[in-house]
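Enquirer: Provided herewith is a single structure, encoded as structure tokens, for subsequent inquiry.
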Amino acid sequence: MNSLIDIRGLTKDYGRTTALREVTFSVPEGSIFGLIGPDGAGKTTLYRILATLLTPDRGTATVAGLDVAREFRQLRTLIGYMPERFSLYPDLTVDENLHFFASLFGVKVRDHFDLIAPIFSQLARFPNRRAGALSGGMKQKLALSCALIHRPRILLLDEPTTGVDAVSRSEFWGMLATLREKGITILVSTSYMDEAARCDRIALLHRGRILGIDTPTRLTARLGDPLYAASAGEMYPLLLALRGMPDVKDCYTFGATLHVVADEGFDPDGTETALRRQGLADVRIRPVEATIEDLFIKLAQHED
Ligand SMILES: Nc1ncnc2c1ncn2[C@@H]1O[C@H](COP(=O)(O)OP(=O)(O)OP(=O)(O)O)[C@@H](O)[C@H]1O
Ligand SMILES: [Mg+2]
């Protein structure tokens, strides 16, 4: 498959902070590519370079064959960019925002409305409400509609689901899948590791460096070691005790439980018994499937 975005050796420094180090990857046309990374990983810096708002110090990036630094004028009409925390004008109404973004690209709101209609349907009920007075989920839908107003080939979405409720988040990923069916290529960033599974391919970004690129399934398979979830009445003593156990390679907090990365020889039943003898109540250890977050923790530790 053709790649629509090609990034080679991209490096960007802000004074002493290196925001991107030798970042290289490509995004196949017609796919959803996820850029997964925690705060400060370099996601927004990469988006600003792709959106032609910032120039890299080293390396190159092309979008649809056009160089982001040299051919930015042609490029801007091919890109729909939804910046972090959205770009809406809070004092303008829903309709005024749409018309404003359409005018930036020299199109009419109705020109490509078929693309936006399914996303916009709930917003259509209050065209005169100010964008600032919308809920998080509604702001997100309006921002996406504005980014699509000129029917771009590539959507650049920087943390579009941050601060949005779980139902709207899930709905949003459904809308991205529909846009992909319509041939739009999507580069989407998130710090919610559970969203990685909704992407065709992902890159794990940590402190400006790519730790891994592949399909979500193939990446999680890389963890290799057996993984267990552990819980007890008191979690912190459990964490300390598990870290001191033989055959435990690593143990860390994972949601409401602990995750235990173990050697092949690890015996969960024997470990439960040993922990009870140490005075821990309600100890439970059971095998679990690895997630992208588990892989991220492992790769980031290795890197640090
Ligand atoms: N204008 C700037 N001047 C100095 N340092 C900056 C600037 N912008 C970003 N940085 C630093 O560069 C690194 C990458 O920042 P960036 O905003 O690209 O990360 P991010 O992944 O988008 O983070 P977040 O999840 O917080 O949005 C961080 O260490 C950040 O503090
Ligand atoms: Mg950011």
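The values are calculated or read from the model by the stated rules, or taken from the named source; none is laboratory data. Remember, predicted model here, so these are calculated numbers, not experimental data. Backbone-built Cβ (ideal geometry, glycine too); neighbour counts: all protein chains shown.
Enquirer: Could you check the range 12-105 for helices (runs of 4 or more DSSP H) lying wholly inside it with 1 or more residues that are of a type outside the set (Ser, Thr, Tyr), within 16 Å of ligand 2 (Cβ to nearest atom) and under 24 Å from residue 162 (Cα atoms)?
Expert: 43-50
Enquirer: Additional query: Out of all the residues in the range 13-42, which are near ligand 1 (Cβ under 6 Å from one of its atoms) and surrounded by 22 or more Cβ atoms within 10 Å (Cβ to Cβ)?
Expert: 19, 37, 41, 42
Here's the yes/no breakdown for (1) closer than 22 Å to residue 116 by Cα; (2) among the polar types (S, T, N, Q); (3) in the same structural domain as residue 135 (by TED's automatic domain parsing); (4) modelled with pLDDT of 95 or more:
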| residue | (1), (2), (3), (4) |
| --- | --- |
| 27 | no, no, yes, yes |
| 46 | no, no, yes, yes |
| 53 | no, no, yes, no |
| 66 | no, no, yes, yes |
| 77 | yes, yes, yes, no |
| 85 | yes, no, yes, no |
| 97 | yes, yes, yes, yes |
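Enquirer: Now for a separate question. Please state which of the following conditions residue 82 fails to meet, knowing it meets all the rest: (1) over 23 Å from the mean Cα position of the chain (by Cα); (2) under 16 Å from residue 150 (Cβ atoms).
Expert: The failed condition is (1).
Enquirer: Applying the selection to the range 5-39, what residues are touching a residue at least 40 places away in the same chain (Cβ under 8 Å), more than 13 Å from the chain's Cα centre (by Cα) and more than 19 Å from residue 199 (Cα to Cα)?
Expert: Of everything in the range 5-39, those that are touching a residue at least 40 places away in the same chain (Cβ under 8 Å), more than 13 Å from the chain's Cα centre (by Cα) and more than 19 Å from residue 199 (Cα to Cα) turn out to be 8, 9, 10, 11, 12, 13, 18, 19, 20, 21, 22, 23.
Enquirer: Out of the range 149-189, which residues are within 16 Å of ligand 2 (Cβ to nearest atom), among the charged types (D, E, K, R) and either at negative phi or outside the structural domain of residue 113 (by TED's automatic domain parsing) (or both)?
Expert: 158
Enquirer: Looking at 224, 233, which one is part of a loop (DSSP other than H, G, I, E, B), surrounded by fewer than 19 Cβ atoms within 10 Å (Cβ to Cβ) and free of Cβ contacts under 8 Å to residues at least 24 places away in the same chain?
Expert: Residue meeting the stated conditions: 224.
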